[in-house]
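The values are calculated or read from the model by the stated rules, or taken from the named source; none is laboratory data. A quick note: this is a predicted structure, and the numbers were derived from the prediction, not measured. Counting neighbours? That spans all protein chains shown, and the Cβs are built from the backbone with ideal geometry, glycine included. Please note that ligands, DNA and RNA were not included when accessible areas were found on the heavy atoms of the full protein model with its side chains. Shrake-Rupley method; radii C 1.70, N 1.55, O 1.52, S 1.80 Å.
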Amino acid sequence: MKARAFRYERAHALADVFRLQSEADGGAQFLAGGQSLLASLAFRLSEPSLLIDISRLAELKGISVLPTSDVRVGALTTHRELGAHPDVCRHVTLLTEAVPLIAHAAIRNLGTIGGSLAYADAAAELPACCVALEARIIAVGPGGERAIPATSFFTGLFTTALAENELIRAVEFPCAAPGDRSTIIELTRRSGDYAMAGLVMRATGGRQASRLVYFGVGATPVVASEAANALGPTPWSAEKIAAAQTALDRDLDPPADQHGGPDMKRHLARVLLARAIKKLEAQPEAHAA
Amino acid sequence: MSTEIGISLTVNGERISRRVEARRHLIDFLRLDLGLMGSHTGCEHGVCGACTVRVNGLIVRGCLVLAVSLDGATVETIEGMSDTGEIRDLQDAFVARNACQCGYCTPGMLVTAAELLSDAAKTRAVPSRAAIREHLSGNYCRCTGYHAIVDAVETVARARADGAGTGTGQP
């Protein structure tokens, strides 16, 4: 359980990062909160020759409300900071609800949103939230910044649209509109462990069209559009809920994992849908500003 | 090529400078380099919570932090928190409630519970048993003595809310 030896460099500015990385010739990895990376180093699943510590880069910190009322969250924002921030709570309540589900307090104190998205664990909460909220991921590389829609960011198991010499600088979340509702729900063996299956549900606009994003049931967050179509606008009758649960079979193709096989995952997905609808219906409409 | 790097940090109030190997995690640094054996090495991949310590005032998994990244940081371990008397009441309650059996998880449990209690004290709230269980959910007790641990934390939460002290250990 000891990591292989590596070199360590602390970056003080973004320019340092790209210089160090190009010198390492493909052997470098970034260290942000380290809450997934250190475990993978201990297992020697990851064997970098150089760790570039980006955790002190001021350019990657801070939460601000943009003139559009969208909320920009710096990549180094810890889960603890995200969960406690009043602007996040006011404009992107889903994130405030999601944070307590992420691991445990000691891990939330160091783990970062940028690290979670770049690591892209298929059972993690924040990638699914970003896809559900249609966030923009702001990547930065030696050539400058670009915005990547969260919906096309997660390309496979632990794989993202980031180029090797890019890192996440910030994430921009659209401000919730009046009438929007959202919730997150997951099933775990132990509170705080990675989900066996989870669901982010949003209902937007006057007709409350729903958007369903599952996690822990595929290589990436999975948008269940067939089920959302079957569910349709409110009111959600028992028949429509049942139709949506049946439609999930067309949306999901879950691989077996340590928790169970595809049939169990499909069952959990149906259970989650019914529970999420119940939770959403109990919410007052429009917790937007 | 040497992978050792010099760091200076504060551990339990004492200023310390050392050269450490880049791959050295905080718990090996505390135990093997500084001889502070109170923080326990468990799973070494962030699951069990036995190595919980405080860095810059917040609890962390010692096995998920590289010592080399802590230049300038403030680290507090169970030794320091015992010496200051900050958690004396919690330690007494663990003894009174028989909340430590083999004792392996105990330092991590105490450090973790201390954060919940100090957060709750800011609003003079008493966390529910469910909230206590949730906060401690990242700490394994393989004696499975969870019930007694929750009892002890709840006892202290109530006592502190009643103004019976914040760590003096007085009933």
Exercise for review: Please calculate the 1.4 Å probe accessible area of residue B:82, with all protein chains present, and give it to the nearest 10 Å².
Suggested key: 50 Å²
Check your understanding: Under 21 Å from the Cα of residue A:278, which lysines turn up, not counting those fewer than eight places away in the same chain?
Key -> A:240, A:265
Point to revise | Rounded to 5, the percent of DSSP beta bridges in segment A:1-152 classed as antiparallel | key: 55 percent
**Study point:** For the protein assembly as shown, size of Cβ-based charge dipole, Lys and Arg +1, Asp and Glu -1, in debye
**Key:** 560 debye
Revision key, fill the gap. For segment B:29-117, dividing by residue count, accessible area per residue (probe 1.4 Å) in Å² works out to 33 Å²
Review point. From a point 7 Å beyond the Cα of residue B:56 in the direction of its Cβ, which residues of segment B:105-149 have a backbone N at a distance under 15 Å?
Key: none
Point to revise | At R0 = 35 Å, FRET efficiency that the Cβ-Cβ distance of residue A:163 and residue A:187 yields, to 0.05 | key: 0.50
Check your understanding: Accessible surface of residue A:271 in the full protein assembly, 1.4 angstrom probe, to the nearest 10 Å²?
Key -> 40 Å²
Check your understanding: For residue A:219 and residue A:274 in one chain, what is 0.36 nm times their gap in residues minus the Cα-Cα distance, to one decimal in nm?
Key -> 17.5 nm
Practice item. Whenever you get a sec, line up A:53, B:119 from highest to lowest accessible area (probe 1.4 Å, protein heavy atoms). Key: B:119, A:53
Point to revise | Paramagnetic label zone (point 7 Å from Cα along Cα-to-C-beta, residue A:155; backbone N under 17 Å) in segment A:99-129 | key: A:117-122
Check your understanding: Considering only the protein assembly as shown, what is the antiparallel percent among its DSSP beta bridges, to the nearest 5?
Key -> 85 percent
Check your understanding: Counting only complete DSSP H runs, which helices of chain A cover 24 Å or more along their long axis at the Cα atoms and score a mean Kyte-Doolittle of -1.0 or above?
Key -> A:262-281
Study note, to complete from the structure: Note, segment B:38-54: 3J(HN,Hα) by Karplus (6.51, -1.76, 1.60, θ = phi - 60°), whole Hz, Gly/Pro = x, goes x, 7, 9, 8, x, 7, 6, 9, x, 9, 9, x, 5, 9, 5, 9, 10
Point to revise | Net length gained if the chain between residue B:43 and residue B:133 were fully extended (0.36 nm per residue, minus Cα distance) | key: 30.3 nm
Review point. Once both labels are modelled 7 Å past Cα along the beta-carbon direction, what's the residue A:56-residue B:83 spacing in nm?
Key: 2.5 nm
Study note, to complete from the structure: In nanometres, the difference between 0.36 nm per residue of separation and the alpha-carbon distance of residue A:281 and residue A:22 is 88.1 nm
**Study point:** residue A:15-residue B:98 pseudo-label distance in nm [points 7 Å out on the Cα-to-Cβ vector]
**Key:** 6.6 nm
Exercise for review: Could you please put A:196, B:109, A:264 in sequence from largest to smallest accessible area, using a 1.4 Å probe?
Suggested key: A:264, A:196, B:109
Check your understanding: How crowded by other chains is A:33-44, given as the mean number of beta carbons from other chains within 10 Å of each beta carbon?
Key -> 5
Exercise for review: Express in Å², to the nearest 10, the accessible area of residue A:1 obtained by rolling a 1.4 Å probe over the protein heavy atoms while all chains stay in place.
Suggested key: 90 Å²
